[in-house]
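Comments concern the structure below.
The values are calculated or read from the model by the stated rules, or taken from the named source; none is laboratory data. The model shown is predicted, which means the values in this text are computed figures rather than measured ones. Virtual Cβ from ideal backbone geometry, glycine too; neighbours counted across all protein chains shown.
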Amino acid sequence: MEAVDFERAKAIRQRNLRLWLAFLLAPPALVLIIFVFIPMVSAVLYSLYEWDGLARGEFIGLRNFYDILFGPRLSAELFNAFWNNVKVFVTLMIVQNGYALVLAMLLARNPRGYRFYQVVFFLPVILSTVIIGFQWKLFLNPVFGLVNKALIYFGLSDWALPWLGLPETALPAMLLVNSWHWFGFPTLVFLAAIHRIPTDFIEAARLDGASEWRIAREIIWPLMAPAVTIIVVLTFIGSFNWFEIPYIMNGLEGSPEGSTDMLGLLFYRTAFGSVSVGTSDFGHGSALAVLMFIFIFVFSILATKYLTSREVEMS
Amino acid sequence: MKRSISITAKAALVATGLAVAAPAAAQTNLDFWSWRQEDAKAYNEIIAEFEKTHPDINITYTAHEAKAYNTILTTALAGGAGPDIIHTRAYGSLENISGAGYLEPLDGKVDFSHIPESLLRGTTLRADGKVYSVPFATQTVLVYYNKDLFDKAGVTPPETWDEFKQVTDKLKEAGITPLANGIADGWTIEVASGAIMPNFYGESFFGDVTSGKTTFEDPRYVAALGKMAELAPYMPTGFEAVDYATMKALFTSGSAAMFIGGSWEIPAWREAGLNFGFMAGPAAKAGDTRMVATWLDGGYAVNAASPNKEAALEFIRFTATPEFAQMLADKLNNVPAVQGATPKDEALQQIIKLQEHQTPYIMLVAFRYQKPTGSTLLQDGLKKLLTGQATPEEVAKAVADGLASPE
């Protein structure tokens, strides 16, 4: 009898656990279905129809995708925007994450004021992107901006350019702003990864007379690979979804001359239109969103796989 | 539904002789959406006037952020929601929603006798020829000037293009930026073209290009583009990155002497305490009439899916009356589309006088129905033109080609 009761109690406990889990999981699952899966599926459906303003027209299969990839105007805009996103990714990897890596290596040596620097570096991350975009737009203003005023003050008036108005400088300026905004985040992640490496590894290498550079390259770098994986993938996703800073600082058209156009801006412009850009076009817009999703999804997975495979186990 | 119930209820009360003691009848609540946040106070006053004569209707005015308005509205409508009364844009933007069947056709339901035909065209769906929105106000492109700065440089408002260039040169010599305009926000340069170009391409060009008799590669249009290119040296240093906010700051702070912009700017100049005047763009040569570019800013429409259509229509009918036009002019300083009002404001009177020689603001009025829009093409072209990266001929060709091959 006792054994049976025990079994029953176990079964009840398990059933209760399942109910409890279902109760806990149902709300997030519902939210996920309503706000993630349904919009995703409807975007795919939208992309297969012809749209006249807000009215859904005929089913046209993959025609919208064809227009985007091969149509004369849209494809030119698409590849321009895509190329800009590539530039963003490469630049952020080098400037933002490279800088963060150097800072993390330095901070890992516990310099004086280590805590202070850690907080200061992380401060811009917690500011809102809207505030940062707007504030830097003011700093870079050609007439009243702090940057040009300072350049003129120091006798560098030739350098006082309309930074956000020239096709050569607009994107680099925005990338610096983005790096300024975010560098604290990879710094912190890298720093945490370095702290995870057992100190005896490094001390042993030092005793063997290895140079600091060699320690950094052959011990710290391989052992912080998991952190690098995370940062690379997040930077990749962030770069190809980049929207806020370009939108706030240079508007929906990716001006000047499309030099700051991004896939996100192109999508928004195509799908929803704007006052002077034109009317909304859900068909091409949705098709573009689907393509963006597939690209980012597939490459993120490939990148994660590749990067994880080169991570070494610490034992 | 609610309204018909309240009517029945009233009838029942009257029938039983209890009307005198009747409590306030059940109200119909209407939502009214707009993009004009700065006008909220005035609209609430106008609505209050309307509600005085319609005690059973209660209208709530909600203004959304202007840039996001189209997105918010179209998303709501596509989801089967949205307000009862909709402040719409005109031309292509309106077709976007009227073409999809989200708006109630107004023909036969509203008296349009006070509205000129040319403005009604801006709210008519080309496909079925029906009017979907009551035109509310027109905008006019003006050249504003700072009277104090003109005095300081010893110049008077120019009449012709040659005089305009002399004035700008003199201002420059006096160390004053002649023109506040920049090109960072594409639409502001298109607006500027509305003041300069019509006086060079002439009155007949609009009809010719819209009827297909000519294209934008017409020599008249190319010549007009050439004049736009001449503006660059008079713009602020770094004009490539001067956006709308900076333009306004330059003009209101008295750093720049002229500002080419829309008639909606007047309240902002007044608020800044500026001693300003305005005029039409300069004439090509002495003796030519000076034309101003105008367009219909939008209208008021009824959501076809509204449960309170009849009450909403009642308000829409009110917006087509001279009485409403008078309020629009006096409270909002708009040039009403509905005729028959006599604005008290002097500036408004002057604009109405300038409008005697008007020409449609070309891209918005006729070439924003397809993608790419004429505005997108022209804005791109003007930016390249002013930064010396394209010739007037190249810009004209890009505009003509772009319009000839819609996506």
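Does residue B:94 satisfy the criteria of being of a type in the set (A, V, I, L, M, F, W, C), on the phi < 0 side of the Ramachandran plot, touching a strand residue (DSSP E or B) at 6+ places or on another chain (Cβ under 6 Å) and in the same structural domain as residue B:251 (by TED's automatic domain parsing)? So residue B:94 fails the test. Counting only residues that are within 14 Å of another protein chain (Cβ to nearest Cβ) and in contact (Cβ under 8 Å) with a residue 24 or more places away in the chain, the stretch A:71-89 holds 4 of them. For the stretch B:348-407, taking the residues that are acidic (Asp, Glu) and under 20 Å from residue B:218 (Cα atoms), the one that is nearest to the other protein chains (Cβ to nearest Cβ) is identified as B:380. Being surrounded by fewer than 19 Cβ atoms within 10 Å (Cβ to Cβ) and closer than 26 Å to residue A:181 by Cβ is true for just one of A:48, A:106, A:69. Which residue is that? Just a single option satisfies the conditions, and that option is A:106. Checked against (1) without any contact (Cβ under 8 Å) to a residue 40 or more places away in the chain; (2) within 14 Å of chain B (Cβ to nearest Cβ), residue A:246 passes all but condition (1).
Kindly evaluate residue A:211 against the criterion of being of a type in the set (Gly, Ala, Ser) and either more than 14 Å from every other protein chain (Cβ to nearest Cβ) or touching a Cys at 6+ places or on another chain (Cβ under 6 Å) (or both). When the stated conditions are applied, residue A:211 passes them. Consider the stretch A:262-282 and keep the residues that are modelled with pLDDT of 80 or more and facing chain B (nearest Cβ under 7 Å). The one that is surrounded by the most Cβ atoms within 10 Å (Cβ to Cβ) is A:281.
Test residue B:125 against the criterion of being more than 14 Å from every other protein chain (Cβ to nearest Cβ) and closer than 23 Å to residue B:360 by Cβ, and give yes or no.
The answer is no for residue B:125.
Consider residue A:259 carefully, then state whether it is surrounded by fewer than 22 Cβ atoms within 10 Å (Cβ to Cβ) and within 27 Å of residue A:168 (Cα to Cα). Taking the combined requirement at face value, the residue satisfies it. State whether the residues of the stretch A:295-315 include one that is away from every other protein chain (no Cβ under 14 Å), of a type in the set (Asp, Glu) and in contact (Cβ under 8 Å) with a residue 24 or more places away in the chain. Yes, that holds for at least one residue. Only a single criterion out of (1) within 13 Å of another protein chain (Cβ to nearest Cβ); (2) closer than 27 Å to residue A:136 by Cα is not satisfied by residue B:262, namely (2). Selection of the stretch A:132-155 for residues being away from chain B (no Cβ under 11 Å) and not in a helix (DSSP H, G or I) yields A:154, A:155.
For the stretch B:87-116, the candidate set comprises residues that are more than 13 Å from chain A (Cβ to nearest Cβ) and β-branched (Val, Ile, Thr); within that set, the residue that is farthest from residue B:133 (Cα to Cα) is B:115.
Residue-by-condition table, conditions (1) in contact with a helix residue (DSSP H, G or I) (Cβ under 8 Å, 6 or more places away or on another chain); (2) in contact (Cβ under 8 Å) with a residue 12 or more places away in the chain; (3) farther than 23 Å from residue B:247 by Cβ:
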{"residue": "B:183", "(1), (2), (3)": "yes, yes, no"}
{"residue": "B:192", "(1), (2), (3)": "yes, yes, no"}
{"residue": "B:196", "(1), (2), (3)": "yes, yes, no"}
{"residue": "B:208", "(1), (2), (3)": "no, no, yes"}
{"residue": "B:216", "(1), (2), (3)": "yes, yes, yes"}
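Within the stretch B:233-259, work out how many residues are facing chain A (nearest Cβ under 10 Å), crowded, with 20+ Cβ neighbours inside 10 Å and in contact with a Ser or Thr (Cβ under 7 Å, 6 or more places away or on another chain). Total satisfying the criteria: 5.
Pairs under 6 Å by beta carbon, first residue more than 14 Å from residue B:267 (Cβ to Cβ) in the stretch B:316-333, partner of a type in the set (D, E, K, R), six or more apart or different chains? As it stands, the answer is B:320/B:111, since those pairs meet every condition given. Of the helices (runs of 4 or more DSSP H) lying entirely inside the stretch B:137-243, those containing at least 1 residues that are of a type in the set (D, E, K, R) span B:147-153, B:161-173, B:186-196, B:205-210, B:219-229. Suppose the filter is over 23 Å from residue A:295 (Cα atoms) and either in the same structural domain as residue A:234 (by TED's automatic domain parsing) or at pLDDT 90 or above (or both); does residue A:69 pass it? When the stated conditions are applied, residue A:69 does not pass them. Being under 27 Å from the mean Cα position of the chain (by Cα) and within 12 Å of another protein chain (Cβ to nearest Cβ) is true of residue A:165.
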